[in-house]
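A short write-up of the structure that comes next.
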Amino acid sequence: MTLEETLKSQIKEAVKALYGLDAEDKMIQLQKTRPEFEGNLTLVVFPFVKLAKKAPAQVAEEIGTKLQGGLVERYNAVQGFLNMVINQGFWVSQLEDIAANEKYGFVPVTEESKLMMVEYSSPNTNKPLHLGHVRNNLLGASIARIQEANGWKVVKTNIVNDRGIHICKSMLAWLRFGNGETPESSGKKGDHLIGDYYVRFDKEYRAEVKELVAKGMDEETAKREAPLMKEAQAMLLKWEQNDPEIRSLWARMNEWVYAGFDETYKMMGVSFDKIYYESNTYLEGKSEVEKGLASGQFYRREDNSVWADLTKDGLDEKLLLRQDGTSVYMTQDIGTAKLRFQDFPIDKMVYVVGNEQEYHFKVLSILLDRLGFPFGKELVHFSYGMVELPNGKMKSREGTVVDADDLMAAMIEDAKEVSKDKVLRLSGITPEEQNEIARKVGLGALKYFILKVDPRKNMLFNPEESIDFNGNTGPFIQYTYARIKSVLRKAEADSAAVDYSQVALSDKEVALIQKLTEFPAVVRQAGDDFSPAVICNYAYALAQDFNSFYHDFSILNEPDAALRAFRIQLSKVIARTIASAMTLLGIEVPERM
């Protein structure tokens, strides 16, 4: 039973004895005591005032007197607030209980656990992953870990957008301008190679549009009539008609991209349990749309395109099939949802997709419900904000993106440079170990900087700020962990079991244990809110509190053997909890820094 649960039970007994009142849980409001007052927890007594028919200060005093002598060592009443100091024996026993639980803070997954599917990444096979994908992948992977820590069975899934006009643009540009170039012949990762041809298509297409406009054609007509665009649209139609030559080229180029994606995902530390491909799911979607058309849920316009009328739902009309019969993203998502619920007994489906797609997922939920799928209304769109740069938004077709591979490599190099002096002071460290520390620190800096921001907000990415070893950064927390591990290695020679149950604790030691007791609630809140930022805030606060304690108190040189043993145990549990928190963020913690 947690401190709050134990205390609530005792408060109920006190209120019953004092006022004959059976207090409901919602009446018992506990909060952390404000720093200007003595205490660990504060009870808000106003909910009991009316029934007690006494002044708030008197009610606080009476409840405090009733509680004192057990879990509550002493108290002070300030108007309608009862500040309670918890006895030190409780804190020591709490530390012992936490130390004995290797999976402290995590709810075990059992056969009875419900299943959550988390979809993230959703790349297009016409370009490499960029900074926007980095935030998506890091959020999705962290949310999956956090939900599993809350007792959910989790299936991590990805939908690869491997068909459509954008894919045909890269294919056509490669045919026109590639001269048979391959990843092997160019030395480029496959996804980078294909991305170059996507940019090349846009360059050539713009030139064609400009030329047509110069000849007197209006711009919108020129965009439609440009030869490259018409050829790309014809290629898409051939693809949907299973043209063997187009399909063979498509499969070959996609294999190059998948190999590149795999390298990026591995470096990023993310993975998937099941990958779906739009090229497989869109036919399922088309089939469902045809059924909806036959049942009157959708309608066909004179140009042969198929639409859903959503005006009664406060939205507009949504295109489902183009006039040439080709499908759109919505069609694919209908098919993907159907297949997923066939493949897994999903209790909750979560889409990790940027906030620019909020309308899309509102429509998807309505359409699935109309088509008779019981899960339609229960879909969760985890809508997160965009990542912006100091010079504005990124545009893939113009080649103005921050490439994920380049970004991670740069972060590792920055970490190597920034930590060079610290690492060189470590005895016996090899160049390989230096590189591994730089990798962990660089990627940790990137991940923490992105995940510490409220996911629903847009963010400005600043590499220089993220790599700092001071302040609210990944390297600061990693360095704190490495500092504790250094202390623990030195303490191994002094590891004899000592009874520290009667040690006198400082306020900072009590505060550290209290912070540790909050970890399960933090993990739960992060799961409820779908917010890795909650874990970041906790890990940073715990690291700060430990560093303050480390500055003021000796651990290894403490002359009292029992107190020294206590502080070693406290440090060990703090290190483990920091590591657990960082694991939920997908961040590795070096043993030495």
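The values are calculated or read from the model by the stated rules, or taken from the named source; none is laboratory data. Note that the structure is a prediction, hence the values are computed from the model and not measured. With ideal geometry, Cβ positions are generated from the backbone for all residues, glycine too; neighbour counts draw on all protein chains shown. Areas reflect the complete protein model, heavy atoms only, side chains present, ligands, DNA and RNA absent. Shrake-Rupley method; radii C 1.70, N 1.55, O 1.52, S 1.80 Å.
See the values below:
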item	result
Residues satisfying the stated conditions in segment 267-283, i.e. at pLDDT below 95 and open to solvent by 10 Å² or more (accessible area, probe 1.4 Å)	Ser279, Asn280, Leu283
Sole exception among (1) surrounded by fewer than 21 Cβ atoms within 10 Å (Cβ to Cβ); (2) under 27 Å from the mean Cα position of the chain (by Cα); (3) modelled with pLDDT under 95 for Met593, by number	(1)
Strands (runs of 3 or more DSSP E) within segment 313-389 that include 2 or more residues open to solvent by less than 70 Å² (accessible area, probe 1.4 Å) and of a type in the set (D, E, K, R)	317-321
Entirely in segment 446-533, the helices (runs of 4 or more DSSP H) that have 3 or more residues that are open to solvent by less than 20 Å² (accessible area, probe 1.4 Å)	474-491, 507-517, 519-529
Inter-residue pairs, beta-carbon under 9 Å, first over 9 Å from Gln147 (Cα atoms) and without any contact (Cβ under 8 Å) to a residue 12 or more places away in the chain and in segment 520-541, second among the hydroxyl-bearing types (Ser, Thr, Tyr) and crowded, with 21+ Cβ neighbours inside 10 Å, 6+ apart	Gln525/Ser531
Test result for Leu542, open to solvent by less than 10 Å² (accessible area, probe 1.4 Å), touching a Ser or Thr at 6+ places or on another chain (Cβ under 9 Å) and within 25 Å of Gly442 (Cα to Cα)	yes
Candidate set from segment 106-127 (those that are part of a loop (DSSP other than H, G, I, E, B) and open to solvent by less than 10 Å² (accessible area, probe 1.4 Å)); member that is nearest to Val154 (Cα to Cα)	Tyr120
Qualifying residue in segment 224-243 (condition: surrounded by 14 or more Cβ atoms within 10 Å (Cβ to Cβ), under 30 Å from Ser365 (Cα atoms), of a type outside the set (Asp, Glu) and touching a strand residue (DSSP E or B) at 6+ places or on another chain (Cβ under 7 Å))	no
Condition met for Val78 (open to solvent by less than 10 Å² (accessible area, probe 1.4 Å) and touching a strand residue (DSSP E or B) at 6+ places or on another chain (Cβ under 9 Å))	no
Evaluation of Thr264 against (1) within 26 Å of Gly335 (Cα to Cα); (2) of a type in the set (S, T, N, Q); (3) buried (at least 20 other Cβ atoms within 10 Å of the Cβ) (one fails), failing number	(1)
The one condition in (1) within 30 Å of Gly260 (Cβ to Cβ); (2) open to solvent by 60 Å² or more (accessible area, probe 1.4 Å) that His130 fails to fulfil	(2)
Residues located in segment 504-561, provided they are of a type in the set (S, T, N, Q) and closer than 19 Å to Asn472 by Cα	Ser531, Asn537, Gln544, Asn547, Ser548
Inter-residue pairs, beta-carbon under 7 Å, first within 13 Å of Gln94 (Cβ to Cβ) and in contact (Cβ under 8 Å) with a residue 24 or more places away in the chain and in segment 1-18, second part of a helix (DSSP H, G or I) and polar (S, T, N, Q), 6+ apart	Thr2/Thr517; Leu3/Thr517
Residues located in segment 485-527, provided they are among the aliphatic types (A, V, I, L, M) and within 26 Å of Val107 (Cβ to Cβ)	Ala511, Leu512, Ile513, Leu516, Ala521, Val522, Val523, Ala526
Of the criteria (1) within 21 Å of Lys515 (Cβ to Cβ); (2) aromatic (Phe, Trp, Tyr); (3) open to solvent by less than 60 Å² (accessible area, probe 1.4 Å), which one Phe37 fails	(3)
Yes/no for Gln147 being among the polar types (S, T, N, Q) and more than 35 Å from the chain's Cα centre (by Cα)	no
Residues being in contact (Cβ under 8 Å) with a residue 24 or more places away in the chain and open to solvent by 40 Å² or more (accessible area, probe 1.4 Å) - total across segment 197-223	3
In segment 174-191, residue farthest from the chain's Cα centre (by Cα) [restricted to those that are crowded, with 19+ Cβ neighbours inside 10 Å and outside any loop (DSSP other than H, G, I, E, B)]	Trp174
Residue list for segment 250-261, filter: open to solvent by 20 Å² or more (accessible area, probe 1.4 Å), of a type in the set (A, V, I, L, M) and more than 19 Å from Ala404 (Cα to Cα)	Ala251
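Yes/no matrix, rows are residues, columns are (1) touching a strand residue (DSSP E or B) at 6+ places or on another chain (Cβ under 7 Å); (2) modelled with pLDDT of 90 or more; (3) not aliphatic (A, V, I, L, M):
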{"residue": "Gly314", "(1), (2), (3)": "no, yes, yes"}
{"residue": "Leu319", "(1), (2), (3)": "yes, yes, no"}
{"residue": "Glu356", "(1), (2), (3)": "no, yes, yes"}
{"residue": "Leu367", "(1), (2), (3)": "yes, yes, no"}
{"residue": "Gly399", "(1), (2), (3)": "no, no, yes"}
{"residue": "Met408", "(1), (2), (3)": "no, yes, no"}
